[in-house]
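Since every read-out is calculated from the coordinates, none of them should be taken as a lab result. Predicted model, so just to flag it, every value in this text is computed and none were measured. Methodologically, a virtual Cβ is constructed for each residue, glycine included, from the backbone with ideal geometry; neighbour enumeration extends over all protein chains shown.
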Amino acid sequence: MSKPGLATRIAATLLLTRIIDDGRNLDGLLDTRHGPRPYAELGQADKALARAIVTVALRRRGEINFALDNLLDRKLPAKARQLHHTLHVAAAQILFLDVPDSAAVDLAVTALRNDKRSTRFSGLANAVLRRLSREKENLFAGKSEQELAILNMAPWFAKAIKKDYGRERMAAIAMQHMVEPVIDITVKDRPEEWAERLNGQHLFGNSVRITREGSVETWPGFDQGEWWVQDAAAGLPAHLFGDVKNKTALDLCAAPGGKTAQLAAKGAIVTALEASEPRLKRLRENLDRLKLSANCIHADMMQWQSDTLFDLVLLDAPCSSTGTVRRHPDVQWSKSPQIISELAQLQFDMIVHATSFVKPGGKLIFSNCSLNRTEGEDVNARVLNADIGLAPDPISADECFGLEEIVNKQGAVRTLPSHLQSVGNQADKARLCGLDGFYCARFVRSV
């Protein structure tokens, strides 16, 4: 008979392996229809524990590496991946979770002993993890919270963010990444009223930050379609079209539909394009719940042609998602500089094609949730240097609810996790502050 909790730790180790070694994303792995069977077969409580272990192992990966490196006499064999990930899963529990150290050690050793490839490492794991348990109070002595936060950034990511923003901003971003944020929603109207009703805070526009516990599906207004989950930064692109009433709008790469919903709720005549059929199905379901309508089309935008041109085109392009690390700590460990460069080229190509859908004098907004300038400011500069019929349409702080810090010198929006530090009181400030990293540039079709 398997030890209680062993299947959960094995599943957590497998999830971590798929992320670190295979570049998979955690949300996709947690989808029980397509994720790994050892995780899918767990009960709900064990699923939640496995997810918590993996999330902590990713958010605190730098500290865990630092601790293990200081406890080992020599480096672990590079090919012993099961050993690496099993130690990280156990260390996450010993250092950062309310799990008995003895259970974390015993289950890790048992998992290795039961794996034919890793049996020979079970004694090493036992010794290292027991030492970790004994010495954990002093392992990080002398290191500040800021130093530890920077340590938890993937090396390639820290280098890129430091290059783009300087060390001070990089440190502020790293600190915000250490705190799992609360949930933002976009309401159709009456944001102050919904903030009070849901025990939240009105941020700006129709964005409300919620501290309420429990599943969002059980919150007031969800079944009635009064609001949808959407980070406040992600709500800015559609807002920056201004008055959209009775204008034709094309939302490219539209799922899961937050921006489509914004445009439709403000009276636009919306066409929503999505290449993934399952994601398009989800978009339609979301619109049905919200009692909003759009012409939803299953198509790859790079292959799609339109007989009509649109007043407004929104391209929230595929990206590295590095702006969402505070919500998805797996992102920085599953991406690479090469992927960033490839995505930036794709984004430029998509803008070129998206321009063909815009009426002369119409507006195109390009956005994504990457923190990397390669996917934002650099793409914008390339567009303006290319002869593709787009002229800049600078965004002002007044259009962004007076938030001067989020408008850059290009006249584009650049939000950072370290922005919006004035939300909440001192006790809950860390959880209530910050925005997802987002980039948003606006253009007018000139020809």
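If we count other beta carbons within 10 Å of each Cβ, what is the order of Met350, Met302, fewest first?
Going from sparsest to densest Cβ surroundings: Met302, Met350.
Full-extension gain between His34 and Phe401, please, as 0.36 nm times their residue separation minus the C-alpha to C-alpha distance. Walk me through the numbers before you get to the answer.
Numbers: separation 367, 0.36 × 367 = 132.12 nm, distance 4.12 nm.
Stretched out fully, the His34 to Phe401 stretch lengthens by 128.0 nm.
Counting alpha carbon pairs within less than 8 Å and at least 6 residues apart, what relative contact order, in whole percent, applies to the chain?
13 percent.
So which residue, out of Arg51, Arg59, Arg74, gets the largest mean-square fluctuation from a GNM of the chain using Cα contacts under 10 Å as springs?
Looking only at Arg51, Arg59, Arg74, the biggest GNM fluctuation is shown by Arg74.
Is the shape of segment 199-281 rounded, prolate or oblate, going by the alpha carbon gyration tensor and its root eigenvalues a ≥ b ≥ c, with a/c under 1.5 for rounded and a/b larger than b/c for prolate?
Working: a/c = 2.10, a/b = 1.39, b/c = 1.51.
It is oblate, given that a/c is not under 1.5 and a/b is not larger than b/c.
Take the residue pairs Lys245/Lys281; Lys259/Lys409; Lys335/Lys409; Lys162/Lys359 and return only those whose Cα atoms are more than 30 Å apart.
Over 30 Å Cα-Cα: Lys162/Lys359.
Looking at the chain as a GNM with Cα springs under 10 Å, which of Gln332, Gln230, Gln345 has the largest mean-square fluctuation?
Top of the fluctuation ranking is Gln345.
What are the ³J(HN,Hα) couplings of segment 315-324, residue after residue, when phi is run through the Karplus curve with 6.51, -1.76, 1.60 and θ = phi - 60°? Round to Hz, x for glycine and proline.
10, 8, 7, x, 8, 6, 6, 5, x, 10
Return the whole-Å distance between the Cα centroid of segment 213-235 and the Cα centroid of segment 137-162.
About 34 Å separates the Cα centre of segment 213-235 from the one of segment 137-162.
In which sequence would Thr119, Thr110, Thr324 go, from the one with the fewest C-beta neighbours within 10 Å to the one with the most? Don't skip to the end; give the middle numbers.
Values: Thr119 11, Thr110 18, Thr324 24.
Going from least to most buried by this count: Thr119, Thr110, Thr324.
Pairs of alpha-carbon atoms within less than 8 angstrom and 6+ residues apart define the contacts here; what relative contact order does segment 6-141 have, in percent?
25
How high is the relative contact order of segment 183-445, in percent, counting Cα pairs under 8 Å that sit 6 or more residues apart?
Working: 543 pairs, mean separation 42.7, N = 263.
It comes to 16 percent, rounded to a whole number.
222 nm [θ] for the chain, helices only, -39500 (n - 2.57) per DSSP H run of 4+, per residue, to 500?
-13000 deg cm²/dmol
Roughly how many whole Å is it from the C-alpha centroid of segment 252-267 to that of segment 3-19?
About 37 Å separates the Cα centre of segment 252-267 from the one of segment 3-19.
At 0.36 nm per residue, and after removing the present C-alpha to C-alpha distance, how many nm does the segment from Gln44 to Lys245 gain when stretched out fully?
Values: separation 201, 0.36 × 201 = 72.36 nm, distance 4.43 nm.
67.9 nm is the gain from fully extending Gln44 to Lys245.
Take each of the peptides 313-323, 198-208, average the number of other beta-carbon atoms within 10 Å over its residues, and list them starting from the highest.
By packing density, highest mean first, the sequence is 313-323, 198-208.
Simple spin-label model, 7 Å along Cα-to-Cβ: Ser215 to Arg279 in nm?
Using points 7 Å along Cα→Cβ, the separation is 2.5 nm.
Tell me, Val407, Val413 in order of fewest to most beta-carbon neighbours within 10 Å?
By the 10 Å Cβ count, ascending, the order reads Val407, Val413.
Assigning unit charges at the beta carbon (Lys, Arg +1; Asp, Glu -1) and nothing else, what dipole magnitude in debye, to the nearest 20, does segment 1-89 show about its Cα centre? Spell out each step's value before the answer.
Working: 15 positive and 9 negative charges, 18 e Å.
About 80 debye.
Work out from phi, with θ = phi - 60° and the Karplus expression 6.51 cos²θ - 1.76 cosθ + 1.60, the ³J(HN,Hα) of each residue of segment 121-136, listed in order in whole Hz, and give x for Gly and Pro.
These are the phi-based 3J(HN,Hα) values: 9, 5, x, 4, 4, 4, 5, 5, 6, 5, 5, 4, 5, 6, 9, 4 Hz.
How far, in nm, would the chain grow between Ala299 and Lys75 when pulled straight, counting 0.36 nm per residue and subtracting the alpha carbon separation?
Answer, rounded to one decimal: 75.7 nm.
Quickly work out the Glu145-to-Asp288 label distance, labels modelled 7 Å from Cα along the C-beta direction, and quote it in nm with one decimal.
Taking the simple label geometry, Asp288 and Glu145 are separated by 4.6 nm.
Based on alpha-carbon centroids, what's the gap between segment 24-57 and segment 103-128 in Å, whole number please?
Computed from Cα coordinates, the inter-centre distance equals 22 Å.
What's the ranking of 244-255, 61-72, 216-227 by average number of surrounding C-beta atoms within 10 Å, highest first?
Working: 244-255: 21.7, 61-72: 18.1, 216-227: 14.7.
For the peptides 244-255, 61-72, 216-227, the packing ranking is 244-255, 61-72, 216-227.
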